[in-house]
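Here is the structure we will look at, set down as structure tokens.
The values are calculated or read from the model by the stated rules, or taken from the named source; none is laboratory data. Note that the structure is a prediction, hence the values are computed from the model and not measured. So basically every Cβ, Gly included, is an ideal-geometry build from the backbone, and we count neighbours across all protein chains shown.
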Amino acid sequence: ISDFEQGPILGTGSFGRVLLVHTKASREVCAIKALSKAHLIIHLRAERDVLRMVNHPGLVNFLGGFQDDNCVYFVMEYVCGGEFFRHLKAKEKLPEDHARFYAAEVLDAFEYLHSNDIVYRDLKPENLLLDSKGHIKVTDLGFAKIVGSGKRTYTLCGTPDYLAPEIILNKGHGMAVDWWAFGVFLYEMMAGFPPFYDEDVTNTYKKILSGRFGFPAHFSVNARDLIRKLLQADLSKRYGCLAAGTNDIKNHPWFKGLDWNKVARREETPPIRCLL
């Protein structure tokens, strides 16, 4: 850690903190995730293994790692635009064309993770960053897990508002939970709040299990239809989990006119740009 000049804390979590740093030798700007050794071992190894596996423009890049007597450090790409959550809350809610852009880039990242047998399990606006051009970067793979196709994991993890019913019921879960969370994400971007929100987390879980939610009046017919098809408790009906996979989502009328090849190349024009 002595090779770095420490700046402000960018964020904190249950396992540690994220610092903005400069390398003393080259003055390169990085973000360092400092993790307390007392809380790691299995969790840390799992996150490290996932970080080493992935390389995608929609994911925050892992640059390396080291440790000292007190902490383990992950050196990550610094993403200057900050949390997508901050931009979303400043605007309260997004118009559908803006939400469509961010949804497409998150879907592209999820498609990549799933193709590598990785389930993300922690989608929320706070875990999305904007780069210097305004493109989405998915960060914090602390809950991500390598799960083979058709296999299940049983860890209760994620943010209450975004949990799929199968996680709450401890039935075992796989890639499908990311598509449920994706539906919640679409709703929150356009409404300004998640569909099952309640101040009491127990009531949030009850609402999720009931499957009942309403839409603000400004939601388009196509937005409502796609969200309903993602927020399906029955995995045999949930979009993203059917025989056509993500093509069911990508070919839905809500995404009509979007060039998915341009999305993959990050050539679509972002609605928000990072002010450097």
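Of the candidates LEU129, LEU123, the single residue that is in a strand (DSSP E or B) and under 17 Å from the mean Cα position of the chain (by Cα) is LEU129.
Pairs meeting the criteria (first residue in the stretch 118-146 and at positive phi and small (Gly, Ala, Ser), second residue surrounded by fewer than 22 Cβ atoms within 10 Å (Cβ to Cβ) and not in a helix (DSSP H, G or I), beta carbons under 8 Å, at least 6 apart or on different chains) are GLY134/PRO270; GLY134/PRO271; GLY134/ILE272; GLY134/ARG273; GLY134/CYS274. Checking each residue in the stretch 167-196 for being more than 17 Å from VAL138 (Cα to Cα) and not in a helix (DSSP H, G or I) picks out LEU169, ASN170, LYS171, GLY172, HIS173, GLY174, GLY192, PHE193, PRO194, PRO195, PHE196. The residues on offer are ASP248, ASP259, and the sole one that is acidic (Asp, Glu), under 16 Å from GLU111 (Cβ atoms) and surrounded by 15 or more Cβ atoms within 10 Å (Cβ to Cβ) is ASP248. Step by step: first the residues of the stretch 1-23, then only those that are at pLDDT below 85 and in a loop (DSSP other than H, G, I, E, B), then the one that is surrounded by the most Cβ atoms within 10 Å (Cβ to Cβ). Which residue is that? The qualifying residue surrounded by the most Cβ atoms within 10 Å (Cβ to Cβ) is PHE15. Close Cβ contacts (under 8 Å, 6 or more residues apart or on different chains) running from residues in the stretch 79-107 that are in the same structural domain as LEU230 (by TED's automatic domain parsing) and closer than 11 Å to MET190 by Cβ to residues that are assigned to a helix (DSSP H, G or I) and among the charged types (D, E, K, R) comprise LEU88/GLU188. The listed residues are ARG212, ARG224, ARG265, and the only one of them that is under 19 Å from GLU166 (Cβ atoms) and either surrounded by fewer than 13 Cβ atoms within 10 Å (Cβ to Cβ) or at pLDDT 95 or above (or both) turns out to be ARG212. Checked against (1) of a type outside the set (Gly, Ala, Ser); (2) at pLDDT below 95; (3) under 22 Å from LEU163 (Cβ atoms), ARG273 meets all criteria but (3). If I filter the stretch 142-150 for residues that are within 17 Å of the chain's Cα centre (by Cα), in a loop (DSSP other than H, G, I, E, B), at pLDDT below 95 and not aliphatic (A, V, I, L, M), do I get at least one hit? Yes, there is a match, as at least one residue in the stretch 142-150 is within 17 Å of the chain's Cα centre (by Cα), in a loop (DSSP other than H, G, I, E, B), at pLDDT below 95 and not aliphatic (A, V, I, L, M). Restricting attention to the stretch 151-174, the residues being at pLDDT 90 or above and under 13 Å from the mean Cα position of the chain (by Cα) number 2.
For HIS56, the conditions (1) under 30 Å from SER220 (Cα atoms); (2) at pLDDT 95 or above; (3) not in a strand (DSSP E or B) are fulfilled apart from (1). In summary, helices (runs of 4 or more DSSP H) completely within the stretch 197-276 and bearing 1 or more residues that are under 20 Å from HIS114 (Cα atoms) and acidic (Asp, Glu) occur at 247-250.
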